[in-house]
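Below is one structure, written out as structure tokens, with a few remarks after it.
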Amino acid sequence: MQNLVWLRIQGRFFVLLHIEILIMLNVMISCYALNCLPEEAFRIFNSMRSDGANGDEFTFSSLLSICDILEYYNFGKQVHSLILKLSFESDILVASALINMYAKNEDVIDAKRVFDKMAIRNVVAWNTMIFGCGNNGEVINVMKILRDMLFEGIFPDELTISSVLSSCGYASAITETQQVHALAVKLSFQEFVSVSNSLITAYSKCGNITNAFKCFRLMLEPDLVTYTSLINAYAFHGLGKEATEMFEKMISCGIKPDRISFLGILSACVHCGFVNTGLHYFKLMTDVYHIIPDSDHYTCLIDLLGRHGFVNEAFEFLKSIPIQAESNMLGAFIGSCKLHENIELAKSAAGKLFAIEPEKIVNYAVMANIYASHNHWLDAERVRKTMRDKNVAKFPGCSWIQVGNQVHSFVSSDKVHPKLLQIFATLKMLLSSMKEENGVKL
Ligand SMILES: *[C@@H]1O[C@H](CO)[C@@H](O)[C@H](O)[C@H]1NC(C)=O
């Protein structure tokens, strides 16, 4: 009789097995988790616990899936300790959810710790670890995990390969991209659309657009993501004409562009100064495809107009946008004002920007530079003082490049690299020849 539970729902009594109740509660928890209602999920879990039920692997993996955001990270760690107490840590489902949670919260070390303790690791567990590491830009570790995986005789699947490739692209690691490409060919994975799509993006980000295009040409059935990847690749390399041709080809193949592919073509137009073409695509998106632009599309359009000399038009556009101006739109606009030396319009946008993002130091730096370059020293000093008072430059922007097998990373105003002098000398030389060739204002 112990395994039976009486339940009263709307005045009627039901007799259920205990296991059925657990399944019901699990379904509820996972529904709440999927629908982004973390508090409800935890409420159910707590009432379950106070009724003496512990939950099982499904309960825990649902709960952990909630905790992949910073807000619930501490709850996630508590769930982890409960998992240890109840000895669920060796379950593949639970361990994968733990790895995912730690990795999403940028704690790759703890993710790896959970991973290393797993007795049995299937391809899902390996993929979760690779994905988590790759998302944190650790291409060297990703490659190491891939090697370990092959060494242990676990066969990668197409998801493994595309995750590894996207981390290669992210870190601009060309040698690794080529190695993984070779592996993909060896395992006959290049026929998977997802693998080819990742190859296109990886080669493009590593600076080899020729190979990106080759991967595209070999594909039998390129899909929307394929075309979008290639359009983005062309945009990234400043090849506006190729990007528009590809966009037209995509439409003529009967593929319906979505908001992401429109974003790609718009940014290609921004990079290449195709103002009219950009306006045409924006109109095509809203009027023909009835896609409601989001803040990224608006930002592109402001950039397109402002950067290429239409600062007033960009300002009018900014004012006409039906949603609240966001920081990236204002930032793009201020950048244009800086380029075309329109200090008045920059000022009015900066006021709004500081109100939206009072803690973001780079905004103040840009404004201080604009003031200084126009000899508005008092304004410049006022902004610099605000900057110092806030003193919040905790997370400077970081970029990196791989030379040989070493990754060099740089943060803004970084002065620690051993070859600092040579780097700056080369940069100066490049800038002056760029200026000579294009008359670019930098
Ligand atoms: C791209 O890679 C191919 C070989 O894979 C090479 O021949 C070519 O020079 C590379 N292009 C660039 C721009 O690096």
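The values are calculated or read from the model by the stated rules, or taken from the named source; none is laboratory data. Computed from a predicted model, the values in this text were never measured in an experiment. Please note: Cβ atoms are built from the backbone with ideal geometry, for glycine as well, and neighbour counts cover all protein chains shown.
If you scan the range 218-230, which residues turn out to be within 16 Å of the ligand (Cβ to nearest atom) and touching a Phe, Trp or Tyr at 6+ places or on another chain (Cβ under 9 Å)? Passing the criteria: only Leu230. Taking the listed residues Asn100, Asn127, Asn105, the one that is in the same structural domain as Glu158 (by TED's automatic domain parsing) and either modelled with pLDDT of 90 or more or small (Gly, Ala, Ser) (or both) is Asn127, with no other qualifying. Go through the range 203-217 and give me each residue that's in contact with an Asp or Glu (Cβ under 9 Å, 6 or more places away or on another chain) and away from the ligand (no atom under 13 Å from the Cβ). Listed by number, the list is empty, since nothing qualifies.
Scanning the range 182-200 for residues that are at pLDDT 90 or above, within 16 Å of the ligand (Cβ to nearest atom) and surrounded by fewer than 24 Cβ atoms within 10 Å (Cβ to Cβ) gives Ala182, Leu183, Val185.
Any residue at all in the range 39-47 that is closer than 28 Å to Phe115 by Cα, out of contact with any Leu (no Cβ under 6 Å at 6 or more places or on another chain) and modelled with pLDDT under 85? Checked against the condition, which is being closer than 28 Å to Phe115 by Cα, out of contact with any Leu (no Cβ under 6 Å at 6 or more places or on another chain) and modelled with pLDDT under 85, the range 39-47 yields no hits at all.
The test for being under 23 Å from Met285 (Cα atoms) and touching a Phe, Trp or Tyr at 6+ places or on another chain (Cβ under 6 Å) does not hold for Glu248. Just one of (1) assigned to a loop (DSSP other than H, G, I, E, B); (2) modelled with pLDDT of 80 or more fails for Lys415. It is (2). Summed over the range 110-143, the residues that are in a loop (DSSP other than H, G, I, E, B) and under 22 Å from Val180 (Cα atoms) give a count of 5. With respect to the conditions (1) under 20 Å from Asn135 (Cβ atoms); (2) at pLDDT below 85, Leu22 lacks only one, and its number is (1).
Among the residues that make up the range 171-181, is at least one of them buried (at least 21 other Cβ atoms within 10 Å of the Cβ), within 16 Å of the ligand (Cβ to nearest atom), part of a loop (DSSP other than H, G, I, E, B) and touching a residue at least 12 places away in the same chain (Cβ under 8 Å)? So far as the range 171-181 goes, yes, one or more of its residues are buried (at least 21 other Cβ atoms within 10 Å of the Cβ), within 16 Å of the ligand (Cβ to nearest atom), part of a loop (DSSP other than H, G, I, E, B) and touching a residue at least 12 places away in the same chain (Cβ under 8 Å). Of all residues in the range 280-308, none that is touching a residue at least 60 places away in the same chain (Cβ under 8 Å) has its Cβ atom under 7 Å from the Cβ atom of a residue that is not hydrophobic (A, V, I, L, M, F, W, C), 6 or more apart or on another chain.
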